[in-house]
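Taking it in order: structure first as structure tokens, then the write-up.
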Amino acid sequence: MKFIVDDMLGKLAKRLRLMGFDASYPKTSTDSFLTKKSKEEDRILITRDTELTKVQGVNAVLIHSTKLDEQLKELAAALKLKINPEKLVPRCTICNRELKKIEKEKIKDKIPSLVRKLFHEFTYCSKCKKIYWKGSHFERMLKDLPA
């Protein structure tokens with residue numbers, strides 16, 4: 001399942017990426033761009049714009065809430081999403097690429113010392129070079145996942 005997310009839902013796009021979904025998030029785009037890309041790339045358009053959900057040939061989900069946890073619930077209900085936390089393949093929150101595992105030893109100088117002590121599994125983005133680990137934010141995110 002692939003998504004294209006309008007610019008009113010940036011936090012939702014980032015969360016979807018961390019959950020392993022391919023979520024395109026063009027920050028500055030027109031309605032015509034979003035609908036065109038949705039059709040061309042077979043992506044579900046996630047939007048807060050009622051008019052975009054009426055465009056013929058576009059598979060769109062209208063999100064009403066302004067709160068991230070409620071947005072996730074709306075999306076899960078609309079698409080009957082079921083998420084298995086064990087099978088999450090997270091993506092970079094910045095560029096949407098799949099993250100790759102990396103050994104702690106290779107990045108020890110690039111992460112805070114407390115993180116080095118507390119965590120043992122790391123992933124990184126080969127494009128952005130951003131490093132990720134499953135800290136307390138990950139545990140909070142798991143609570144928000146639709147089961």
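The values are calculated or read from the model by the stated rules, or taken from the named source; none is laboratory data. All values derive from a computational prediction rather than experimental measurement. Methodologically, a virtual Cβ is constructed for each residue, glycine included, from the backbone with ideal geometry; neighbour enumeration extends over all protein chains shown.
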- So, in region 15-31, of the ones that are among the charged types (D, E, K, R) and modelled with pLDDT of 85 or more, which residue ends up nearest to K67 (Cα to Cα)? R15
- Would you please name the residue that is modelled with the lowest pLDDT, looking only at residues in region 63-80 that are touching an Asp or Glu at 6+ places or on another chain (Cβ under 7 Å) and assigned to a helix (DSSP H, G or I)? D69
- Kindly list the number of the only condition in (1) modelled with pLDDT under 90; (2) under 14 Å from the mean Cα position of the chain (by Cα); (3) not polar (S, T, N, Q) that fails for L99. (1)
- Query: List, please: which pairs have Cβ atoms under 6 Å, are six or more places apart or on different chains, and start with a residue in region 41-68 that is without any contact (Cβ under 8 Å) to a residue 60 or more places away in the chain and end with one that is among the basic types (K, R)?
  - Reply: R43/K2; G57/K39; I63/R48
- Show the residue pairs that are 6+ apart or on different chains and have beta-carbon atoms under 7 Å apart, the first residue being within region 107-130 and not assigned by TED's automatic domain parsing to the domain that holds R17 and outside any helix (DSSP H, G or I), the second being among the aliphatic types (A, V, I, L, M) and modelled with pLDDT under 90. none
- Task: Only residues that are acidic (D, E), assigned to a loop (DSSP other than H, G, I, E, B) and under 13 Å from M8 (Cβ atoms): list them for region 30-55, please.
- Result: D49
- Note on the structure: Note on region 112-134: residues surrounded by 10 or more Cβ atoms within 10 Å (Cβ to Cβ) and farther than 22 Å from R15 by Cα are R116, L118, H120
- Message: Residues that are outside the structural domain of F138 (by TED's automatic domain parsing), acidic (D, E) and assigned to a helix (DSSP H, G or I): does region 17-29 have at least one?
- Response: no
- Note on the structure: Within region 56-74, residues being over 14 Å from L9 (Cβ atoms) and surrounded by 17 or more Cβ atoms within 10 Å (Cβ to Cβ) number 1
